[in-house]
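Comments concern the structure below.
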Amino acid sequence: EIRRKFLDFFVQKGHKEVHSSSLVPANDPTLLFTNAGMNQFKDVFLGLEKRDYSRATTSQKCVRAGGKHNDLENVGFTNRHHTFFEMLGNFSFGDYFKKDAIAYAWELITSPEWFGIDKSKLYVTIFKGAEVSPGQLLGSDREALVQWVNVGVPQSRIHQMGMQDNFWQMGDTGPCGPCSEIHYDMGAAASDQGHTDCTFGCDCGRYVEIWNLVFMQFDRDSSGKLNPLPKPSIDTGMGLERVTAVLQGVISKYETDLV
Ligand code: SER
């Protein structure tokens, strides 16, 4: 139901529903296993491939047990990391950008007609600016900040973070850009360290990233340099297992209907 609702929401917003691609990526020597929903659209972001749609939505089967986005060391130790998971995503190939991506995300997760998640449990992060490659500086993401404020998120719940948290790239090379994450407060019971009064930013397991909105703008080349993509684009990824835990009122995937 949750997977279907996500896809229906974006189909209703003009997105083409596309099937999950194979876990073994086609024609991509940079990647052993599919690690994100955007993999099958890599060449579309790069402008090397044209599709007959400029908006897509998928529920992508992913493996993160090696390579750049390796979660293996955390599996079994946290409630939120898995070797295999499904990533729900919406994509814009040079169509809409930050404003609509943020408005769609907020509507889907908070509207009582859709996921109806309690706003008082949500936090968002945005890119604070950094040296994104040697000698290349990117400033703080003011546009994302303004859009979050416009949809009604109080400034006190918007946190700025650096490259590690708020700049996403598929691999050492390829499409990348600043990102904005939505986190959910699972409550004290979810803290691996038994924290009862920690605040957002603590990485004890209480605050869980449920959705990452990537503002795809660059292609990182093998020298590390960032070159602009033909058109600014959107790549988002929501963890089906994590949002299912939220909607079922439990703190881990192992307690949801999925397992
Ligand atoms: N590609 C981004 C991620 O994997 C968003 O889908 O987090």
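The values are calculated or read from the model by the stated rules, or taken from the named source; none is laboratory data. Since we're looking at a predicted model, the values are computed, not measured. Heads up, the Cβs are rebuilt from the backbone with ideal geometry, glycines too, and the neighbour counts pull from every protein chain shown. Side chains are part of the model used for accessible areas, which takes the heavy atoms of the whole protein and leaves out ligands, DNA and RNA. Shrake-Rupley method; radii C 1.70, N 1.55, O 1.52, S 1.80 Å.
Of the candidates S156, S111, S140, the single residue that is at pLDDT 95 or above, within 16 Å of C179 (Cβ to Cβ) and among the polar types (S, T, N, Q) is S140.
Residue count for region 13-58 under the criterion of being β-branched (V, I, T), open to solvent by 70 Å² or more (accessible area, probe 1.4 Å) and within 16 Å of the ligand (Cβ to nearest atom): the result is 1. Filtering region 207-219 to residues that are under 23 Å from T34 (Cα atoms) and more than 14 Å from the ligand (Cβ to nearest atom) leaves only D219. Looking across region 155-170, the residues that are under 15 Å from the mean Cα position of the chain (by Cα) and not aliphatic (A, V, I, L, M) come down to Q164, D165, N166, F167, W168, Q169. The condition of being open to solvent by less than 50 Å² (accessible area, probe 1.4 Å) and either in a strand (DSSP E or B) or at pLDDT below 95 (or both) does not hold for F10. A Cβ distance below 8 Å, combined with a sequence gap of six or more or placement on separate chains, defines the contacts here; from region 38-49, residues that are assigned to a loop (DSSP other than H, G, I, E, B) reach residues that are not charged (D, E, K, R) in the pairs L46/G174; L46/P175; L46/L229; L46/P230; G47/L229; G47/P230. For region 196-203, state whether one or more residues are open to solvent by 10 Å² or more (accessible area, probe 1.4 Å), within 14 Å of N79 (Cα to Cα) and either away from the ligand (no atom under 16 Å from the Cβ) or in contact (Cβ under 8 Å) with a residue 40 or more places away in the chain (or both). There is at least one residue in region 196-203 that is open to solvent by 10 Å² or more (accessible area, probe 1.4 Å), within 14 Å of N79 (Cα to Cα) and either away from the ligand (no atom under 16 Å from the Cβ) or in contact (Cβ under 8 Å) with a residue 40 or more places away in the chain (or both). Looking only at region 171-203, residues that are among the small types (G, A, S) and within 16 Å of the chain's Cα centre (by Cα) come to 3 in all. Filtering region 25-60 to residues that are closer than 16 Å to M170 by Cβ and among the β-branched types (V, I, T) leaves T30, T34, V44, T58.
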